[in-house]
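Shown next, in structure tokens, is the structure this report addresses.
The values are calculated or read from the model by the stated rules, or taken from the named source; none is laboratory data. Every value quoted in this text rests on a predicted model; they were computed, and no experiment measured them. Here the Cβ positions follow ideal geometry from the backbone for every residue, glycine too, while neighbour counts run over all protein chains shown. Accessible surface areas use protein heavy atoms only, side chains included; no ligands, DNA or RNA. Shrake-Rupley method; radii C 1.70, N 1.55, O 1.52, S 1.80 Å.
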Amino acid sequence: MRFLKKINSKAKAEVNTGFGTNASNYGGRFITKSGNANVKRTGIGLIESISWYHTMLNIPRWKFMVIIVLFYFLVNFLFASIYFGIGVEHLNGVVASTALDSFGQSFFFSVQTFTTVGYGHVSPSGFLTSFVAAVEALFGLLSFAIATGLFYGRFSKPKAFIRFSENALIAPYGNSTALMLRMTPFKNTNLTDAEAKITLGMVVEEEGKPVNKFYTLDLEFAKVNALTLSWTLVHPITENSPLYKFTKEDFESVDGEILVYLKVFDDMFSTTVARRTSYSFSEIVYGAKFIPMFSRSNNDSKTLLHIDKLNLFEKVQL
């Protein structure tokens, strides 16, 4: 484990951050780049440890659609197998010359029953087949109700459509330097009353043992009235900063992490939304500055926000 043996005495550590102080019990970073706690829960069953509703709301869109489609086909395959096992002779209207054709018609009868479409070409005959069809119809209604709720939840859930730069920078600032990172909204949303907080988490030596210490980093501007363009968070590295006199070698050799908390008001949903991310010291570029990412249009009628330039920077001498 790499840790700092001495920290700036003028820097005041935070307490009650929600993170433990024993560095030897921690593995990896505190928060992932996506903003989730880097914690894996053990000692409890998988079903108990996962909120499936939250999982289905938060997984990527393509995974959600794959799960829905797979569930649809697997359920119908299961019921088609039951109908086929009972015997297709109990399905009125089925005309098939091969077993494969019989199973295919059983499958499409299952689809019609599951979706309650009911074209009427095939119908169940006998108690057992009719009972299975009734169970499938009920299961189909409940499944579509759940799927509809999940679709609505994913579309209606307020989200902070904000991207952070991949790297934080140690850049020139006045006669000194500053820690800088950049963010920008990337969808057609109106975000106001943005407020940011940056916390430095670092492993330092205390009484000969590595300990997690957390420090609030003062910002040049911690609030903005409207978040319409890019916003560069700037922490001036003064003699009161825990990063005071940090060298390039310190950032390369010490275990540290910059934790970023952002909350903004989304006037469409009339609610506050939040985003988090973090930068390990290995993701901090020493001696660089961001390249401007907005400009005026050719006819001077609009401001162009170049989202693809969010991560662009150039090296400079400090």
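How many of the residues in the stretch 75-113 are on the phi > 0 side of the Ramachandran plot and crowded, with 16+ Cβ neighbours inside 10 Å? Of the residues in that region, 0 qualify.
Evaluate the following for Gly149: is it closer than 30 Å to Ile82 by Cβ, surrounded by 17 or more Cβ atoms within 10 Å (Cβ to Cβ) and either at pLDDT below 95 or in contact with a Ser or Thr (Cβ under 8 Å, 6 or more places away or on another chain) (or both)? So Gly149 does not fit the description; no. For the stretch 109-123, the set of residues classified as under 13 Å from Phe79 (Cα atoms) and either in a loop (DSSP other than H, G, I, E, B) or in contact (Cβ under 8 Å) with a residue 12 or more places away in the chain (or both) consists of Phe109, Ser110, Val111, Thr113, Phe114, Thr115, listed by residue number. Of the listed requirements (1) within 30 Å of Met293 (Cα to Cα); (2) in contact (Cβ under 8 Å) with a residue 12 or more places away in the chain; (3) open to solvent by 40 Å² or more (accessible area, probe 1.4 Å), Phe155 misses just one: (2).
If you go through the stretch 44-60 and keep only what is part of a helix (DSSP H, G or I) and surrounded by fewer than 10 Cβ atoms within 10 Å (Cβ to Cβ), you end up with Leu46, Ile47, Glu48, Trp52. Only residues that are farther than 25 Å from Val88 by Cα and not polar (S, T, N, Q): list them for the stretch 132-147, please. Within the stretch 132-147, Leu142, Phe144, Ala145, Ile146, Ala147 meet the criteria.
For the stretch 196-219, how many residues meet the condition of being touching a residue at least 24 places away in the same chain (Cβ under 8 Å) and crowded, with 16+ Cβ neighbours inside 10 Å? The qualifying residues number 16. The single condition among (1) surrounded by fewer than 20 Cβ atoms within 10 Å (Cβ to Cβ); (2) farther than 18 Å from Leu169 by Cα; (3) in contact (Cβ under 8 Å) with a residue 12 or more places away in the chain; (4) not basic (Lys, Arg) that Asn188 does not meet is (3). Scanning the stretch 198-233 for residues that are among the aliphatic types (A, V, I, L, M) and more than 23 Å from Leu304 (Cα to Cα) yields Ile198, Leu200, Met202, Val203, Val204, Val211, Leu217, Leu219, Ala222. Quick check on the stretch 126-135. Is at least one of its residues open to solvent by 70 Å² or more (accessible area, probe 1.4 Å) and not in a helix (DSSP H, G or I)? No, the conditions are met nowhere in the stretch 126-135. Take the conditions (1) over 20 Å from Glu166 (Cα atoms); (2) surrounded by fewer than 20 Cβ atoms within 10 Å (Cβ to Cβ); (3) in contact (Cβ under 8 Å) with a residue 24 or more places away in the chain; (4) out of contact with any Pro (no Cβ under 6 Å at 6 or more places or on another chain); Glu249 misses just one of them, which is (3).
Being under 30 Å from Ile284 (Cβ atoms) and open to solvent by less than 70 Å² (accessible area, probe 1.4 Å) is the filter here; which residues of the stretch 158-169 pass it? Result: Ala160, Phe161, Ile162, Phe164, Ser165, Asn167, Ala168, Leu169. Within the set Thr199, Thr192, the sole residue that is among the hydroxyl-bearing types (Ser, Thr, Tyr), closer than 21 Å to Gly28 by Cα and touching a strand residue (DSSP E or B) at 6+ places or on another chain (Cβ under 8 Å) turns out to be Thr199. When Ala222, Ala274 are screened for being open to solvent by less than 80 Å² (accessible area, probe 1.4 Å), more than 15 Å from Leu181 (Cβ to Cβ) and at pLDDT 90 or above, only Ala274 passes.
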